[in-house]
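The values are calculated or read from the model by the stated rules, or taken from the named source; none is laboratory data. No experiment lies behind these values; they were computed from the predicted model shown. Neighbour counts run over all protein chains shown; Cβ positions are idealised from the backbone, glycine included.
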Amino acid sequence: MQQKRPVVAVEVVFMRKGTSLPINVVVILVIAIIVMLGVILFFTKGFSGSSTGLNCESKLRSGCTQFSLRGGCNDNTNLKNSDVQSIKTLVEGINCTEGGKLKTNQITLAKAQSYCCQGG
């Protein structure tokens, strides 16, 4: 006859391998959200910002052409600050390049020369 073994309650301890899964998922979700925000910002702000930059450059280039044609880049120019301030595209171009923080009377002959004249 076979001997019967006594029944011993065995406590089963499970290794909790699933605890690393939520941490990995959270990290991946955070990275995915950051990437999604970057893509959204690129498409909403990226294109409008670059067209604004091109618009600033276009105004500045046009204004500098007018400034140069009026003799603003000559060493012995007869232009005054008021003459420079009357060139609307130049004033808008410099102000746009400076972030819109300048008043018209702050755009001087020297500032125009620094933007428009090589070595000015």
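Does K4 fit the bill of being more than 25 Å from the chain's Cα centre (by Cα), at pLDDT 65 or above and loosely packed, with under 10 Cβ neighbours inside 10 Å?
yes
Where the second residue is in a helix (DSSP H, G or I) and the first is among the aromatic types (F, W, Y) and lies in region 97-120, which pairs have Cβ atoms under 6 Å and are six or more apart or on separate chains?
Close Cβ pairs (under 6 Å, with a partner that is in a helix (DSSP H, G or I)) amount to Y115/I94.
Here is a list of conditions, (1) small (G, A, S); (2) at pLDDT 85 or above; (3) on the phi < 0 side of the Ramachandran plot, and S48 meets all of them except one; can you say which number that is?
Answer for S48: the failing condition is (2).
Please verify whether region 59-66 includes one or more residues that are modelled with pLDDT of 80 or more, over 22 Å from E92 (Cα atoms) and surrounded by 10 or more Cβ atoms within 10 Å (Cβ to Cβ).
The answer is no, given that none of the residues of region 59-66 is modelled with pLDDT of 80 or more, over 22 Å from E92 (Cα atoms) and surrounded by 10 or more Cβ atoms within 10 Å (Cβ to Cβ).
Looking at N78, is it surrounded by fewer than 17 Cβ atoms within 10 Å (Cβ to Cβ), at pLDDT below 85 and not acidic (D, E)?
no
If V91 meets every condition in (1) within 16 Å of C117 (Cα to Cα); (2) at pLDDT 85 or above; (3) of a type outside the set (K, R) apart from one, which number is that one?
(2)
Yes/no matrix, rows are residues, columns are (1) touching a Pro at 6+ places or on another chain (Cβ under 7 Å); (2) in a loop (DSSP other than H, G, I, E, B); (3) surrounded by 10 or more Cβ atoms within 10 Å (Cβ to Cβ); (4) modelled with pLDDT of 80 or more:
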site	(1), (2), (3), (4)
F14	no, yes, no, no
G18	no, no, no, no
V27	no, no, yes, yes
N55	no, no, yes, yes
